[in-house]
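> Below: one structure in structure tokens.
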Amino acid sequence: MFRNIDQLTLFKQIKNGGESVNLVFFPYLGGYANSFYEIAKKLDCNCNIWSAMPPGHGESTLPLVDDIDRLIDLYMTEVNYLLDCKTIFVGYSLGGVIAYHLLQRLKHDPLVGVTVPEKLLIMSSGAPINFKNTRISRLPDKVLLENLNKYEALPEEVFMNDYVAKYLLPIFRADYSILESAAKKKIEPLDVDVSLIWGMQDQVVKLNFVLQWEQYFTEPVKLTILPTSKHMFIHEEAEHAVNWINKRISV
């Protein structure tokens, strides 16, 4: 179905479903392609499931990127391989911001012979504007680690291990810089079918951060709220993510 699939460096296929539908995930802060492996196994659909491979994350050997426009420039060089049929973008946290801007670029500068996604699913993500005038990427190491700990995404041992923490800090700084650069961009409402899911117990992304997404789209955002879920429910309560995605891609 895809030519030169093994040569792709920015997208990885994590499930070959056989159908002419592609589901493309974009990872959260510090995440990588295999972050969605367990979810991919549990989804009912026979979609071809892909994940972006953020430069410098996980198995990627590319240098880190710390600017939203440069990152989108890179993804545009390979995303055409995924757009030969119906495609749905799914972004988790930071991934929601990246998926939005990639879709925005595809709408403005369409690639020849591709099918531009008409559906966007966003999970545990606040709108980019919430990072306007922030400097989280420049915080001292200790303060940055304390901020990251609020996501409850990494074991406590990681923060206690100086070697591991030093390895991860440049990745998180680059990701925060991407959010900060996205916040500076002019808001141009996107015409796309968009759904969003958020956990009410999220200690990082508050409800008002989520509601700010409304100004980024021409149509109302279909919001699902999970009363007892935290920011990383994709791992802690995977069934919520699986059920929601199954429902959204079938309508």
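> Under 37 °C and 0.692 mPa s, how fast does the range 144-251 diffuse according to Stokes-Einstein, given a Kirkwood radius computed over C-alpha pairs? Answer in µm²/s, whole number.
For these conditions, the coefficient is 204 µm²/s.
> Okay, next question. Just to confirm the number: angle between the C-alpha axis of helix 238-249 and the first principal axis of the chain, 0 to 90 degrees, nearest 10?
30 degrees
> Additional query: Which ³J(HN,Hα) values in Hz, rounded to whole numbers, follow from the phi angles of the range 122-128 under the Karplus curve 6.51 cos²θ - 1.76 cosθ + 1.60, where θ = phi - 60° and Gly and Pro get x?
Computed from phi, the couplings for the range 122-128 are 10, 10, 6, 10, x, 5, x Hz.
> How high is the FRET efficiency between GLN203 and LYS166 when r is their beta carbon distance and R₀ equals 22 Å, given to the nearest 0.05?
The computed FRET efficiency comes out at 0.30.
> Ok, one more. When the Karplus curve 6.51 cos²θ - 1.76 cosθ + 1.60 is applied with θ = phi - 60°, which whole-Hz ³J(HN,Hα) does each residue of the range 32-39 get, with x for Gly and Pro?
Using θ = phi - 60°, the values come out as 8, 4, 6, 4, 10, 4, 5, 4 Hz.
> Using amide H atoms built 1.01 Å from N in the peptide plane, name the residues 5+ places from PHE217, or on other chains, whose amide H lies under 5 Å from its own.
Amide H to amide H, under 5 Å and 5 or more residues apart or across chains, PHE217 pairs with LEU190.
> What's the magnitude of the charge dipole for the chain around its Cα centre, counting Lys and Arg as +1 and Asp and Glu as -1 at the beta-carbon? Answer in Debye, nearest 20.
The dipole of the chain has a size of about 340 debye.
> Mind ordering 110-121, 192-203 by average Cβ neighbours within 10 Å, highest first?
Packing order, densest peptide first, comes out as 192-203, 110-121.
> Further, regarding this structure: For the range 53-182, what does the convex hull of the Cα positions come to per residue, in cubic angstrom?
Here the figure is 118 Å³ per residue.
> Here's a follow-up. Rounded to two decimals, what ratio of Rg to Rh does the chain give with C-alpha atoms and a Kirkwood Rh?
0.93
> Next question. When the Karplus curve 6.51 cos²θ - 1.76 cosθ + 1.60 is applied with θ = phi - 60°, which whole-Hz ³J(HN,Hα) does each residue of the range 77-91 get, with x for Gly and Pro?
6, 10, 5, 4, 5, 9, 10, 8, 7, 4, 9, 10, 8, 10, x
> Let me ask something else about it. Using 1/(1 + (r/R0)^6) with R0 = 41 angstrom and r between the beta carbons of ASN80 and GLU38, what's the FRET efficiency to the nearest 0.05?
0.90
> Hey, another quick one. Return the long-range amide H neighbours of ILE14 (sequence gap of 5 or more, or a different chain), with a cut-off of under 5 Å between placed amide H atoms.
ILE49, TRP50, SER51
> In addition: Is the shape of the range 1-73 rounded, prolate or oblate, going by the alpha carbon gyration tensor and its root eigenvalues a ≥ b ≥ c, with a/c under 1.5 for rounded and a/b larger than b/c for prolate?
Here the range 1-73 falls in the prolate category.
> Tell me which residues come under 5 Å, amide H to amide H, from GLY199 once H is placed; ignore anything under 5 positions away on its chain.
Here the answer is SER124, LEU226, since their amide H atoms fall under 5 Å of that of GLY199.
> To the nearest 10 degrees, how steep is helix 162-183 against the longest Cα principal axis of the chain, on a 0 to 90 scale?
So the inclination is approximately 60 degrees.
> Using 7 Å Cα-to-Cβ label points, what is the VAL143/HIS235 separation (nm, one decimal)?
Going by the 7 Å Cα→Cβ label model, 2.6 nm.
> Here is a further query. Which angle from 0 to 90°, rounded to the nearest 10, does the C-alpha axis of helix 94-108 make with the longest principal axis of the chain?
Its long axis makes an angle of about 40 degrees.
> Going by how many other Cβ atoms sit within 10 Å of their own, how do THR9, THR87, THR218 line up, fewest first?
So the ranking, lowest neighbour count to highest, is THR218, THR9, THR87.
> For ILE187 and LYS150, what does the FRET efficiency come to when R0 = 30 Å and r is the distance between their Cβ atoms, rounded to the nearest 0.05?
0.70
> Of all DSSP beta bridges in the chain, what percent run antiparallel (nearest 5)?
The antiparallel proportion sits near 15 percent.
A short reminder: the numbers here are calculations on the coordinates, not readings from a lab. Nothing here was measured: the structure is a model prediction, and the numbers come from that model. All Cβ positions, even for glycine, are placed from backbone atoms using ideal geometry, and neighbour counts span all protein chains on display.
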